[in-house]
1. Can you compute 3J(HN,Hα) from phi for each residue in segment 17-27, using the Karplus curve 6.51 cos²θ - 1.76 cosθ + 1.60 with θ = phi - 60°, rounded to whole Hz and x for Gly and Pro?
2. What is the distance, in nm, between label points placed 7 Å from the Cα along the Cα-to-Cβ direction at Lys166 and at Lys5?
3. Normalised by the residues of segment 56-163, what does the relative contact order come to in percent, with Cα pairs under 8 Å and at least six apart?
4. Would you mind telling me which residue in Asn90, Asn20, Asn123 has the biggest mean-square fluctuation in a Gaussian network model of the chain, where springs connect alpha carbons within a distance under 10 angstrom?
5. How high is the relative contact order of the chain, given as a whole-number percent (alpha carbon pairs under 8 Å, six or more residues apart)?
6. Would you please classify the overall shape of segment 146-215 from the alpha carbon gyration tensor, given that a ≥ b ≥ c denote the square roots of the eigenvalues, rounded means a/c under 1.5, and beyond that prolate means a/b larger than b/c while oblate covers the rest?
7. How much length is gained on full extension from Asn140 to Gln108, taking 0.36 nm per residue of separation minus their Cα-Cα distance?
8. For Thr258 and Glu92, calculate 0.36 nm times their separation in residues minus their Cα-Cα distance, and state this gained length in nm to one decimal.
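No value in this document is a laboratory result; all are computed from the given coordinates. Worth saying up front: this structure is predicted, and the values here are computed from it rather than measured. Glycine also receives a Cβ, built like all others from the backbone with ideal geometry; neighbour counts cover every protein chain displayed.
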Amino acid sequence: MKITKLTKASISKIYRRVQNDTHKGIQGHALIIGGSYGKIGAALLSSKSALHSGCGLVTAFVPKVGYSILQTAIPEVMVLTDKNATHISNIEFSIVPKAIGIGMGMGQEPKTRRAFYKFLNVNEVPLVIDADALNILAYNPKWLLSLKPQTILTPHLGELERLIGKWTSYEDMFEKTAALSKTLKCIVVMKGAPTYIFSDGKCYKNSTGNPALATAGSGDVLTGIITSLLAQKYSAEDASILGVYIHGLAADLARPETGTQAFVASTIIEYLGRAFLEIETYQRNTSVK
């Protein structure tokens, strides 16, 4: 399998600078669905990273227990709540988002599983599936057939194993992941060190990131970034590639100042602006040449 390494040059061909005449109504509306009692932070991190990745509007759909937390911690994010207090039991909303990220901290309560299945069968919005939503799919593999083409899956290796089964070698893991991507016509972001993106028979290897990313919530931040880019009308493949690269670049810019031990998922969000600016600077300098 041919693997293409992502570079600043290739990323600069994907990245689009925000136009001077834009406004929040055309910068995309992302919906983040997740959270449960004790894990509202996952939805919070995804929502905040979506905002800091250029999305004009972000709405979070969480259990009632998360309402005050999100409204207080991120006043820029709108909040919708499930009728259930502690976990998601019925995914219904009247807004029309441009992209949805689902699964972060969502849990796997029976009502949550049923709500997720019902949602999959009616949803027509570009979708990023992460965390507990991936595990629900792994326990109900027939539900994978309900995924629309170009859905983005973002498993770490443990979640990936539950989806494709155990592998006998590094090569076997790649072959099975590529087969999953082809069969479902979806994008698979295989999170790790490094992260690989599988799309339409192609494989991309990320070149940014460092051990500081091995911290709780890092994946939730990545899902928020990718969902934001998807809402801004990047294709599923480009949103995945750019999201993974920017996520790692933010960590690379932060680590010399924070060190590895003190780095947390929120640090990635704090450095997203610098990461985007670095790509923009590269674009300007190379276009002059």
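1. Working through the residues one at a time gives 5, 5, 6, 5, 9, 6, 8, 4, x, 10, 8 Hz.
2. 3.4
3. Values: 151 pairs, mean separation 21.8, N = 108.
Answer for segment 56-163 is 20 percent.
4. Asn20
5. Values: 599 pairs, mean separation 61.7, N = 289.
So the answer I get is 21 percent.
6. prolate
7. Length difference between fully extended and current span is 10.3 nm.
8. Between Thr258 and Glu92, full extension yields an extra 55.7 nm.
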